[in-house]
Ligand SMILES: NC(=O)c1ccc[n+]([C@@H]2O[C@H](COP(=O)([O-])OP(=O)(O)OC[C@H]3O[C@@H](n4cnc5c(N)ncnc54)[C@H](O)[C@@H]3O)[C@@H](O)[C@H]2O)c1
């Protein structure tokens with residue numbers, strides 16, 4: 001990477017993407033952010049996520065779609081990009097069950113088009129935001145990168161696995177460096193409103209009933225967003241040919257404990273509606289992170305209580321925003 005090379009972040013206005021933008025700008029990088037501001041959740045939240053970055057002259061926002069070749073040509077004509085961090089995706093397990101077509105189109109075809117463009121432009125490195133969902137319903141824990149991942153449980157998971165495989169084809173054809181990062185349930189400020197951490201905080205804060213799927217014994221390896229960003233930074237800085245890394249916390253939290261921690265921090269009791277397991281959801285996730293520790297210098301440091309406290313502070317500082325945006 002030369003001094004003037006820029007990093008392209010797709011999905012830059014989203015939850016994880018906007019934190020990565022802020023981190024890379026703070027390190028003095030030139031960052032091009034691409035996002036189509038889709039309405040899966042309120043696009044004004046995405047605008048808000050980038051408000052600080054837009055004050056920085058080293059940040060360049062492109063509003064457009066990763067599948068639009070005109071947009072991609074404009075980017076490669078304007079900036080010298082060395083590294084792509086590909087976070088744009090259609091997200092959400094449940095939505096993918098009712099709308100599988102667009103998920104395949106954005107997450108698989110879109111990824112193929114994007115990495116093909118990166119290879120044609122002679123870019124050095126492609127980092128893919130993948131997911132713990134590719135492990136499916138495994139009972140042997142912790143999940144290791146070399147475990148079989150050929151039995152996903154939702155269209156979303158299947159498209160993310162397919163994206164990993166697609167990037168391997170391009171690595172093998174053109175030699176582009178690829179790191180696939182499997183994120184484990186990310187939470188923190190700017191957290192997605194469709195995800196359980198936001199829904200629980202929002203519901204408990206407002207005194208509304210929250211929905212708990214299953215018996216409360218399902219568990220997740222919740223990972224704080226700044227720890228994830230640290231791991232992505234490690235992948236940006238370390239050259240590898242083709243590697244897959246888990247970015248999790250390597251700590252299991254059962255659902256009932258997760259809700260209890262939010263109740264404690266907010267000082268409010270949750271009203272809970274108990275529902276049966278959701279189709280597509282897995283029982284547990286738990287990352288082995290020894291490979292990321294060894295090869296990326298990845299060291300997650302934020303405890304669940306610290307991370308949830310940060311997320312709740314962010315939530316409370318924006319309640320008027322959420323109220324004014326509700327239903328928008
Ligand atoms: N949040 C998590 O817990 C989690 C866990 C595992 C994996 N991931 C992966 O991390 C990445 C980021 O997730 P997130 O939670 O920040 O989601 P997010 O929805 O907040 O961010 C994704 C962004 O991509 C944009 N986008 C979607 N389709 C696009 C397209 N065709 N062209 C341009 N932009 C497009 C959206 O507008 C959005 O701003 C995704 O690839 C997701 O699969 C997230």
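When residue 71 is tested against (1) touching a residue at least 40 places away in the same chain (Cβ under 8 Å); (2) part of a helix (DSSP H, G or I), only condition (1) is not met. What about residue 68, is it out of contact with any helix residue (DSSP H, G or I) (no Cβ under 8 Å at 6 or more places or on another chain) and more than 15 Å from the ligand (Cβ to nearest atom)? Considered against the rule, which asks whether it is out of contact with any helix residue (DSSP H, G or I) (no Cβ under 8 Å at 6 or more places or on another chain) and more than 15 Å from the ligand (Cβ to nearest atom), residue 68 comes out as no. Residue check: is residue 90 over 22 Å from residue 171 (Cα atoms) and either crowded, with 17+ Cβ neighbours inside 10 Å or in contact with a strand residue (DSSP E or B) (Cβ under 8 Å, 6 or more places away or on another chain) (or both)? Yes; evaluated as a whole, the condition is true for this residue. Of the residues making up the stretch 146-180, those that are in a strand (DSSP E or B) and in contact with a helix residue (DSSP H, G or I) (Cβ under 6 Å, 6 or more places away or on another chain) number 3. Here residue 20 fits the description: in contact with a strand residue (DSSP E or B) (Cβ under 9 Å, 6 or more places away or on another chain), assigned to a helix (DSSP H, G or I), more than 7 Å from the ligand (Cβ to nearest atom) and closer than 19 Å to residue 183 by Cβ. For the condition more than 24 Å from residue 181 (Cα to Cα), within 13 Å of the ligand (Cβ to nearest atom) and in a helix (DSSP H, G or I), residue 45 qualifies.
Yes or no, residue by residue, for (1) more than 20 Å from residue 8 (Cα to Cα); (2) buried (at least 22 other Cβ atoms within 10 Å of the Cβ); (3) in contact (Cβ under 8 Å) with a residue 60 or more places away in the chain; (4) in contact with a strand residue (DSSP E or B) (Cβ under 7 Å, 6 or more places away or on another chain):
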{"residue": "205", "(1), (2), (3), (4)": "yes, no, yes, no"}
{"residue": "209", "(1), (2), (3), (4)": "yes, no, yes, yes"}
{"residue": "213", "(1), (2), (3), (4)": "yes, no, yes, yes"}
{"residue": "218", "(1), (2), (3), (4)": "yes, no, yes, yes"}
{"residue": "238", "(1), (2), (3), (4)": "no, no, no, no"}
{"residue": "241", "(1), (2), (3), (4)": "no, no, yes, yes"}
{"residue": "250", "(1), (2), (3), (4)": "yes, no, yes, yes"}
{"residue": "253", "(1), (2), (3), (4)": "yes, no, no, yes"}
{"residue": "256", "(1), (2), (3), (4)": "yes, no, no, no"}
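Per the conditions (1) more than 13 Å from the ligand (Cβ to nearest atom); (2) more than 18 Å from residue 287 (Cβ to Cβ), the sole criterion not satisfied by residue 254 is (2). When restricted to residues that are surrounded by fewer than 13 Cβ atoms within 10 Å (Cβ to Cβ) and either part of a loop (DSSP other than H, G, I, E, B) or touching a strand residue (DSSP E or B) at 6+ places or on another chain (Cβ under 8 Å) (or both), the stretch 290-321 contains 3.
Just one of the listed residues (5, 22) is more than 29 Å from residue 315 (Cβ to Cβ) and surrounded by 14 or more Cβ atoms within 10 Å (Cβ to Cβ), namely 5.
Could you list, in sequence order, the residues of the stretch 48-65 that are within 15 Å of the ligand (Cβ to nearest atom), part of a helix (DSSP H, G or I) and more than 18 Å from the chain's Cα centre (by Cα)? Those that are within 15 Å of the ligand (Cβ to nearest atom), part of a helix (DSSP H, G or I) and more than 18 Å from the chain's Cα centre (by Cα): 53, 54. The criterion of being surrounded by 15 or more Cβ atoms within 10 Å (Cβ to Cβ) and under 16 Å from the mean Cα position of the chain (by Cα) does not hold for residue 42. Going through (1) surrounded by fewer than 19 Cβ atoms within 10 Å (Cβ to Cβ); (2) touching a helix residue (DSSP H, G or I) at 6+ places or on another chain (Cβ under 6 Å); (3) under 23 Å from residue 163 (Cβ atoms) one by one, residue 234 falls short only on (1).
May I ask you to list pairs of residues, at least six apart or on different chains, whose Cβ atoms are under 9 Å apart, with the first in the stretch 121-147 being on the phi > 0 side of the Ramachandran plot and free of Cβ contacts under 8 Å to residues at least 12 places away in the same chain and the second being part of a loop (DSSP other than H, G, I, E, B) and surrounded by fewer than 24 Cβ atoms within 10 Å (Cβ to Cβ)? If the second residue must be part of a loop (DSSP other than H, G, I, E, B) and surrounded by fewer than 24 Cβ atoms within 10 Å (Cβ to Cβ), the pairs left are 122/176.
Considering 271, 293, which residue is on the phi < 0 side of the Ramachandran plot, modelled with pLDDT of 95 or more and more than 21 Å from the chain's Cα centre (by Cα)? Explain how you work it out, then say what you get.
Values: 293 fails: more than 21 Å from the chain's Cα centre (by Cα).
Result of the check over 271, 293: 271.
The values are calculated or read from the model by the stated rules, or taken from the named source; none is laboratory data. These numbers come from a predicted model, not from an experiment. All Cβ positions, even for glycine, are placed from backbone atoms using ideal geometry, and neighbour counts span all protein chains on display.
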